[in-house]
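Student: Quick one: structure below, then a few questions.
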Amino acid sequence: MKNIGIFYGSATGTTAEVAKKIGELLGVSPDDIHNVADTAPSVLGQYGTLVLGSSTWGNGELEDDWFDFIDGAQALDLKGHKIALFGCGDETMSDTFCNAVGILYDKLKDTGATFIGEYPADGYTFDHSEASDGSTMRGLVLDEVNHPEFTPARLTAWTALIRQQL
């Protein structure tokens, strides 16, 4: 089993770029970074740690490429695997900010995997997010539209946290 696989859905390319940056910071080969649009869900089973990312679209939904992939992923037994989540959103969508991270969590929580990489909610401005319990986020959330200046420090801190939790 390989160590870390990164899986993302990206309509505009922002989440894809973040996935590549996470890969660089975690020392993941580009061959182990997968666009869910052209990857079978069964590939998840090849990795001990799964780093999954999506942008949030419409009324707080997953990016479209995730729909078929997540259905297949839900059927997998991922006991013994770890999952870290990340997402991109826009804080001005304050009622659905980075909901996709929360949706991924909800859809995969019954697969037997252990979730890692919760991140403090400090420094974010939103009214509601499925990705948050109020004090923490279920993973790393980024606002590349309004606050790209925070991204490098957040990526560095989050990937260091992931390395500690492996």
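Student: Can you confirm whether Gly80 is at pLDDT 95 or above and on the phi > 0 side of the Ramachandran plot?
Tutor: Working: at pLDDT 95 or above: yes; on the phi > 0 side of the Ramachandran plot: yes.
Against the criterion (at pLDDT 95 or above and on the phi > 0 side of the Ramachandran plot), Gly80 qualifies.
Student: Test Val141 against the criterion of being free of Cβ contacts under 8 Å to residues at least 60 places away in the same chain, of a type outside the set (Phe, Trp, Tyr), touching a Cys at 6+ places or on another chain (Cβ under 7 Å) and within 26 Å of Asn3 (Cβ to Cβ), and give yes or no.
Tutor: yes
Student: May I pose another question? Which residues, counting only those in the stretch 1-27, are β-branched (Val, Ile, Thr) and open to solvent by 20 Å² or more (accessible area, probe 1.4 Å)?
Tutor: The answer is Thr12, Thr14.
Student: Does Gly48 satisfy being assigned to a helix (DSSP H, G or I) and open to solvent by less than 30 Å² (accessible area, probe 1.4 Å)?
Tutor: Here the answer is no, as Gly48 does not meet what is asked.
The values are calculated or read from the model by the stated rules, or taken from the named source; none is laboratory data. Remember, it's a predicted structure, so these values are computed and weren't measured experimentally. For neighbour counting, all protein chains shown are included, and Cβ atoms are generated from backbone atoms with ideal geometry for every residue, glycine included. In case anyone asks, the SASA skips ligands and DNA or RNA and just uses the protein heavy atoms, side chains included. Shrake-Rupley method; radii C 1.70, N 1.55, O 1.52, S 1.80 Å.
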